[in-house]
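The values are calculated or read from the model by the stated rules, or taken from the named source; none is laboratory data. Keep in mind it's a predicted model, so treat the numbers as computed, not measured. Cβ placement follows ideal geometry from the backbone for every residue including glycine, while neighbour counts extend to all protein chains displayed. Heads up: the accessible areas ignore ligands, DNA and RNA and are worked out on the full protein's heavy atoms, side chains in. Shrake-Rupley method; radii C 1.70, N 1.55, O 1.52, S 1.80 Å.
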Amino acid sequence: MGRSGPRGPYYAGRDICQTCGTGELIRARDRLIRNHAREVWAHNSRTGRREFTGSYEPCPGSNSVPTAPIWWPGMEPGTPTEPAPFSPPEYGVFHLGACIQARIYSRTEANKLREEYTNLTPDSSPGHYTVHVLCARHRDRARAKDGCDQCATGPAKGAKQ
């Protein structure tokens, strides 16, 4: 079934205006009922009936939120996206650029492990063992954030060497 009404990118669906009762288009940019006019009817004192006066006035239902919209295919408003769940940074202990201990969630714990590795090997200089934040995209490969050749990200903030 094809969509009815204007086919341009301006409208996203139809709804009944709650004020005047006419079927009106819904603007795609803000998902509100578009500006429209309603007919002006007056009571005829001779016949006792209401008659159309031939004039129009702006409808107060313009720019209102649709109550029961019929959206055209692909024009439904998107649901608000949930914020990404917070994941703490993972730290790793590196020896001469190679990761020897990964998946540490505390910088102080990672620094303690670095000190232990430094104390285990007396011939190592203080720069041989370092602590880095692991690259978030390539954690399974245990790459430092500042040394990941696939991401080419900048140096990790606060990386202790």
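Per-residue surface analysis assigns T118 an accessible area of about 30 Å², computed on protein heavy atoms at 1.4 Å probe radius.
Can you figure out the FRET efficiency of D30 with R50, using R₀ = 35 Å and their beta-carbon distance, to the nearest 0.05? Efficiency for this residue pair is about 0.55.
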